[in-house]
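Let me begin by presenting the structure, written as structure tokens, before commenting on it.
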Amino acid sequence: MMQRFKAALLQRRNNLHIHSLRFLNQFHTRNLCSLPDTAITDELDNQVLVEGKAWSRTAILNRPSVLNCLSTAMGARLQKLYTSWENNPDIGFVAMKGSGRAFCAGGDIVTLYHMINAGKMEDCKEFFRTLYTYIYILGTYLKPHVALLNGITMGGGAGVSIPGMFRVATDKTVFATPETLIGFHPDAGASFFLSHLPGHLGEYLGLTGQKLNGAEMISCGLATHYAHSSKLDLIEEQLGKLDTDDPSVIETSLEKCSDLVYLDNISVLHRIEILDKCFSHDTVEEIIDALESETSKTNDAWCISTLRRLKEASPLGLKVSLKSIREGRFQTLDQCLIREYRMSLQGISNQVSRDFCEGVRARMVDKDLAPKWNPPSLEQVSKDMVEHYFSPLSKSEPDLELPTELREAFT
């Protein structure tokens, strides 16, 4: 891997620099020209801070009051920073962390909810375009990347970190992809990384939105290293002293600060056999039937809680999410992102259902925790409804355009 990254960097740096800057200049001109200069500065500079070291740069997600939820401005700034750093021969590697008690709780879905209700669909599209394009850049990055996943790491927060080379989880890390509980689907590249987890763990996480801790993340491969949160300052100090672009040197530095991992007795990873047995089925209905069968035989607490979560989720969201994760198993990261972009626009268009807005309203706005899903049951979710999420956008609406011709595919 190290040799491939270095060779690609040497061969393509000049060409990538010219074309990536052209791509980003067109992007920023199109999307930011309507904002006042002061607003642009505030949005782009303050929501993502930069910490510079001799041979590295750290991007700091800086919206602690909303758990560092991702905005369009953050996606745009991350694109610009990462492209600049990738093309700078004096920067060997890049890191990312969050301010406060979260790494990143995902996309700013409350703002997205208000934009949809205000009819600002172009702004919604820009949100997904900026976020997904950054994730693709990270997934194909030519330099080592270290994400410090201390605290809440959910939804889009996983998307902006897991495609990178190194992910450090801690005792405070809480991972989840809870999109079905708000009438949506695991996005931001989640259909790619969930589908590549051991067995059918990805289906379980994607459908139920259940949480994993740091020890579980490294045990299943979502994280590459684990360290107690008290060691983060030491990890950052050691990384800051490195004068390298060699992944093996960074690996060694992280290993020195890493701790042994011990799974709790109640961890879902101890139940991987029954999980695979239930979540390997072709349909959501069959998955639920299998869980109910196990429950009737064993009265197992995990089966009971899993069934409860599935029954709280959007029926349409469950079926769309299962199909998405299954397709992700046979696609590259860019293919998943392009498909998820299409699915996301279909999901917020309200053409088939208003489940996304209803889910956000119930959980994040009114907080009554009583969403009225439409359709209200799995039986009423037709195949055509599900297929609509995967169907091409209108002739006037292009698919997500990623700079794939400039970068090596992430598989």
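The values are calculated or read from the model by the stated rules, or taken from the named source; none is laboratory data. Note that this is a predicted model, so its numbers are computed, not measured. Note that we place each Cβ from the backbone using ideal geometry, even for glycine, and neighbour counts take in every protein chain shown.
Numbers at a glance
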| read-out | value |
| --- | --- |
| Enumeration of residues in segment 72-91 that are among the β-branched types (V, I, T) and under 19 Å from the mean Cα position of the chain (by Cα) | T72 |
| Every pair of residues 6+ apart whose Cβ atoms lie under 7 Å, when the first sits in segment 269-292 and is among the aromatic types (F, W, Y) while the second is modelled with pLDDT of 95 or more | F279/H200; F279/E203; F279/Y204; F279/I287 |
| Conditions (1) in a loop (DSSP other than H, G, I, E, B); (2) within 30 Å of L318 (Cα to Cα): number failed by L269 | (1) |
| Residue in segment 198-210 that is under 17 Å from the mean Cα position of the chain (by Cα), in the same structural domain as G159 (by TED's automatic domain parsing) and assigned to a loop (DSSP other than H, G, I, E, B) present | yes |
| Residue identified as on the phi < 0 side of the Ramachandran plot and either in contact with a Cys (Cβ under 7 Å, 6 or more places away or on another chain) or not in a helix (DSSP H, G or I) (or both) among D264, D276, D289 | D264 |
| Matching residues, segment 305-320, being more than 17 Å from L275 (Cα to Cα) and buried (at least 17 other Cβ atoms within 10 Å of the Cβ) | A313, S314, P315, L316, G317, K319, V320 |
| Yes/no for A370 being in a loop (DSSP other than H, G, I, E, B) and not assigned by TED's automatic domain parsing to the domain that holds L112 | yes |
| Test: residue in segment 296-317 that is under 18 Å from the mean Cα position of the chain (by Cα), outside the structural domain of C69 (by TED's automatic domain parsing) and not charged (D, E, K, R) | yes |
| Test: residue in segment 105-120 that is surrounded by fewer than 24 Cβ atoms within 10 Å (Cβ to Cβ) and either of a type in the set (K, R) or within 21 Å of L402 (Cα to Cα) (or both) | yes |
| Per-region count, segment 364-381, residues buried (at least 19 other Cβ atoms within 10 Å of the Cβ) and within 18 Å of G155 (Cβ to Cβ) | 1 |
